[in-house]
Amino acid sequence: MTDAPLLTRESGYWRGSFRAMASPCELLLATGDRPLAERLLLLACTEARRIERKFSRYLRDNPVHLINSGDGRPITVDDETANLLDFAHRCWEISEGKFDITSGVLREVWCFDGSDNVPRPEAVAAILPRVGWHKVSWRRPVITLRPGMEIDLGGIGKEYAVDQTARLIRREYSGGALLNFGGDLYALGPRAGGEPWAVGVDDPDATGSCQTGIVNLSRGGLATSGDARRYLLKDGVRYSHILDPTTGWPVPDAPRAVTVIADTCLEAGMLSTMAMLHGSRAREFLEAQKVSFWCQ
Amino acid sequence: MKSIRSKLAIATCTLLSQGAQQAGAVESSWTADTSYLLYSETDRVTVNKLFTSANVTLGDNHLLQLEAVYDTITGATPTGAVKSGGPVTVTTPSSGGKGYRAVSGNPALAKFDDTRLGLNLGLVQSLRRTLRINYGASVSVERDYEAYGGSLALERDNEDRSVTFTAGVAGSYDTIFQSSGGTPKPMGSVEENGGNPEFFGPGKKRGFEGMLGVSRIINRRTVARLNYSLKRLEGYLTDPYKVISMVREGIELRRFYESRPDSRQRQALYGELVHRLENRDTIRLAYRYYWDDWGIFSHTIDYRHRRNLLGGRYLEPRLRLYTQSSADFFYPSLPFGVEPEYASADYRLDQMNSATLGLKYGQPALGGTLRLRLEYLYQTFAEAEYDTNQALIFQASFKKEFD
Amino acid sequence: MNRSGTLLLCALCISLQACAAFRLEPVKPWQRGILAQEAMQLEADPAERFADEHIYFSKEGSTGGRAVGGGGCGCN
């Protein structure tokens with residue numbers, strides 16, 4: 001976390017790298033100006049870590065921890081948290097309840113470690129009363145969770161960090177750049193000479209860096225949902241780690257991974273997540289959105 | 001499958017553009033809604049009313065509501081007497097003493113003016129996610145009327161908050177008197193004792209009220225509610241200024257102060273439906289059936305159609321229709337020799353029809369919302385001395401939220 | 001078809017349409033976007049209601065039905 005960001009010169013651009021949000025993060029800058037690159041890298045690193053500190057559910061003394069430890073008491077939140085909660089609420093509405101930031105407590109019984117450790121139905125049913133955004137009282141700026149409920153902004157936070165950092169960079173720099181926070185990307189403009197950035201889309205079944213495709217990205221966001229290594233296998237049935245908050249069970253026949261390109265990283269992230277939640281109809285859902293996508 | 005992309009784009013845009021202004025405004029902790037109302041009848045009463053209501057959030061579970069109203073009433077109102085009156089005088093609220101100020105020698109209209117100051121205090125307490133309790137207290141003071149009231153209401157949502165049940169009770173205690181201090185003897189003759197009729201002390205009126213209501217979500221574009229309410233009034237229910245003429249062959253012989261029963265039981269069924277049309281207009285339809293043990297029953301239909309325009313502006317035409325039967329003891333005048341226990345010539349107890357046609361306009365302004373409405377009220381009465389009443393209603397309101 | 005028959009048919013059509021619009025359907029919590037709008041509230045403009053209650057209390061023989069409490073007055 002505290003390790004300093006690293007800046008290296010590549011052919012025609014600067015590559016800055018650091019770790020944040022439990023992922024390797026990168027900033028590629030199509031400029032030769034080193035002091036500028038250093039400044040922008042520091043900016044990106046600071047913003048990514050700020051957002052991580054503020055919204056990670058694994059850290060203490062941040063708004064998310066405060067909300068989750070409210071134990072039925074109302075909690076007043078700051079503007080930025082309120083904006084994210086409003087956004088989560090909208091996504092929940094738009095997805096007709098499929099995208100739900102309260103579904104994280106289901107992980108108490110679901111552990112996707114590749115084993116056959118599928119929980120008993122009673123155990124899942126026992127958790128369900130603590131899942132459901134409609135059970136939360138959210139009247140900006142006050143949020144009240146029922147005791148035992150938790151929110152998790154992990155499904156939004158990284159994409160939000162990418163878009164926010166891109167905005168900060170854009171204020172100081174008008175050239176081409178690519179942000180990559182652990183696979184969630186945003187391109188602020190092409191490389192020198194107008195060439196798009198080449199992004200490799202991982203094969204979800206591969207353990208290494210074997211790539212199934214190269215995506216060209218000049219402007220806009222790209223995000224991937226799905227994780228090949230997180231699943232359960234029992235009696236020949238593969239359980240994906242995408243849980244349906246209304247049933248508490250994995251969405252059947254969900255794709256192993258979905259990659260979407262959209263105007264912002266947040267949109268790409270939401271569309272890919274919602275596609276996964278559509279299970280076997282993921283492809284149909286994405287086709288209706290008229291976006292570029294890769295469904296595996 | 002439907003596309004959600006544009007909705008998502010709007011939500012994302014909202015989030016990211018807000019993020020730019022980190023030190024943006026905190027959500028308001030109080031709102032104020034202030035109105036000016038002009039109610040103006042042709043040649044009769046004019047009311048100027050100024051009122052404001054403030055909602056303050058106290059902590060996370062309490063909402064305090066404070067309402068203040070100040071109004072002035074001037075003009076002339078029907079007394080109940082016939083126009084072709086004789087040399088009789090009654091007191092008026094304005095004069096402070098006795099001596100009836102007839103309008104241009106017409107005893108059927110009395111000039112008056114009065115001011116009223118009213119305060120309502122409310123507290124909404126959220127006990128649980130689905131349970132709220134509302135406490136209310138009110139006081140209103142005029143030169144010739146004082147009213148105190150208290151209320152308590154419980155609101156309970158079902159688990160998915162599609163249905164809300166309401167149960168409420170209220171009590172009131174009013175004191176009524178002429179501005180000179182007393183109340184005339186009911187059915188007392190105005191010209192008794194050489195124009196010094198018998199007066200009693202102030203009248204007292206007690207009210208007890210109960211209400212049961214249910215509101216529910218019908219579908220994605222419709223909500224509805226249904227209320228039943230019962231109110232019992234006891235005590236002095238007479239209007240100390242109203243009189244009734246005894247007439248023979250078109251000539252007024254005597255004039256009495258009116259007299260009403262000392263209890264009244266009012267009941268009402270109220271239904272309201274709000275529906276959003278496919279074209280984004282909103283319609284609001286309310287109906288009330290009312291009946292009481294004075295013999296009045298009435299139907300009220302109130303229809304509003306809100307046309308949403310660009311930029312948060314809207315236009316809302318409105319039509320309200322009302323019809324009522326007359327009270328059992330309503331007489332336009334008393335025939336010679338008939339002196340019933342209860343008699344009133346108050347036009348409000350007559351069989352009547354009212355129609356209100358209006359237009360409201362709303363728009364965002366100065367960081368709040370501005371509403372203007374103009375309405376025309378037309379009333380016809382079956383037998384009362386003045387058989388019509390017409391009025392213009394203008395209201396300007398401004399609501400704003402503060403930090 | 002005679003005139004009253006046509007009228008009857010029209011009335012039937014309109015009421016059928018109205019029934020469809022007001023049909024009771026379960027509304028999921030995330031489908032309440034429209035219902036949350038200010039124009040859809042049962043208590044949309046309290047200032048207007050407050051003024052109206054005073055006006056019609058003073059000019060008509062009936063009152064009440066919407067809520068309990070509130071100040072009385074001796075208005076003419």
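The values are calculated or read from the model by the stated rules, or taken from the named source; none is laboratory data. The model shown is predicted, which means the values in this text are computed figures rather than measured ones. With ideal geometry, Cβ positions are generated from the backbone for all residues, glycine too; neighbour counts draw on all protein chains shown. Only protein heavy atoms, including side chains, enter the accessible area calculation; ligands, DNA and RNA are left aside. Shrake-Rupley method; radii C 1.70, N 1.55, O 1.52, S 1.80 Å.
For segment B:253-273, taking the residues that are buried (at least 21 other Cβ atoms within 10 Å of the Cβ) and more than 14 Å from chain C (Cβ to nearest Cβ), the one that is nearest to residue B:215 (Cα to Cα) is identified as B:259.
The residues of segment A:236-274 that are more than 12 Å from every other protein chain (Cβ to nearest Cβ), out of contact with any Asp or Glu (no Cβ under 8 Å at 6 or more places or on another chain), open to solvent by 30 Å² or more (accessible area, probe 1.4 Å) and assigned to a loop (DSSP other than H, G, I, E, B), listed by number, are A:236, A:244, A:247, A:249, A:252, A:253.
Residue B:244 meets all of the listed conditions (1) within 30 Å of residue B:114 (Cβ to Cβ); (2) within 9 Å of chain C (Cβ to nearest Cβ) but one, namely (2). Restricting attention to segment B:326-342, the residues being crowded, with 17+ Cβ neighbours inside 10 Å and either in contact (Cβ under 8 Å) with a residue 40 or more places away in the chain or more than 9 Å from every other protein chain (Cβ to nearest Cβ) (or both) number 8. With respect to (1) at pLDDT 80 or above; (2) facing another protein chain (nearest Cβ under 8 Å), the lone exception for residue B:48 is condition (2).
The requirement of being in a helix (DSSP H, G or I), at pLDDT 80 or above and open to solvent by 50 Å² or more (accessible area, probe 1.4 Å) is satisfied by residue C:49. When residue B:293 is tested against (1) more than 10 Å from every other protein chain (Cβ to nearest Cβ); (2) under 17 Å from residue C:52 (Cβ atoms), exactly one condition is not met: (2).
Selection of segment B:132-149 for residues being assigned to a strand (DSSP E or B) and open to solvent by 30 Å² or more (accessible area, probe 1.4 Å) yields B:132, B:134, B:135, B:137, B:139, B:141, B:146, B:148. When segment B:300-325 is limited to residues that are under 16 Å from the mean Cα position of the chain (by Cα) and open to solvent by 30 Å² or more (accessible area, probe 1.4 Å), the one that is farthest from residue B:271 (Cα to Cα) turns out to be B:321. If you check B:207, B:201, B:171 for being at the interface with chain C (Cβ under 10 Å from one of its Cβ atoms) and closer than 25 Å to residue B:258 by Cβ, only one passes: B:207.
Here the strands (runs of 3 or more DSSP E) wholly within segment A:1-112 that include at least 2 residues being open to solvent by 20 Å² or more (accessible area, probe 1.4 Å), farther than 25 Å from residue B:15 by Cα and free of Cβ contacts under 8 Å to residues at least 24 places away in the same chain are A:6-10, A:13-20. Which of the residues that make up segment B:150-168 are assigned to a strand (DSSP E or B), more than 9 Å from chain C (Cβ to nearest Cβ) and touching a Ser or Thr at 6+ places or on another chain (Cβ under 9 Å)? Across segment B:150-168, the qualifying residues are B:154, B:155, B:156, B:157, B:163, B:164, B:165.
The residue of segment B:193-221 that is surrounded by the most Cβ atoms within 10 Å (Cβ to Cβ), among those that are over 23 Å from residue B:236 (Cα atoms) and among the basic types (Lys, Arg), is B:221. Taking first residues from segment B:216-227 that are at the interface with chain C (Cβ under 7 Å from one of its Cβ atoms) and partners that are among the acidic types (Asp, Glu), the Cβ contacts under 7 Å between residues at least 6 apart in sequence or on separate chains come to B:219/C:25; B:225/B:272. Listed by first and then second residue, the pairs with beta-carbon distance under 7 Å, at least 6 apart or on different chains, first residue in segment B:140-167 and closer than 15 Å to residue C:26 by Cα, second of a type in the set (A, V, I, L, M) and open to solvent by less than 30 Å² (accessible area, probe 1.4 Å), are B:162/B:217; B:162/C:27. Scanning segment B:308-318 turns up no residue that is touching a strand residue (DSSP E or B) at 6+ places or on another chain (Cβ under 7 Å), under 15 Å from residue C:57 (Cα atoms) and within 14 Å of chain C (Cβ to nearest Cβ).
Check off (1) at pLDDT 95 or above; (2) small (Gly, Ala, Ser); (3) under 22 Å from residue B:263 (Cβ atoms) for residue B:345 and give me the number that stays unchecked. Among (1) at pLDDT 95 or above; (2) small (Gly, Ala, Ser); (3) under 22 Å from residue B:263 (Cβ atoms), residue B:345 violates only (1). Inclusion of residue C:58 among residues that are more than 7 Å from every other protein chain (Cβ to nearest Cβ) and modelled with pLDDT under 75 is not warranted.
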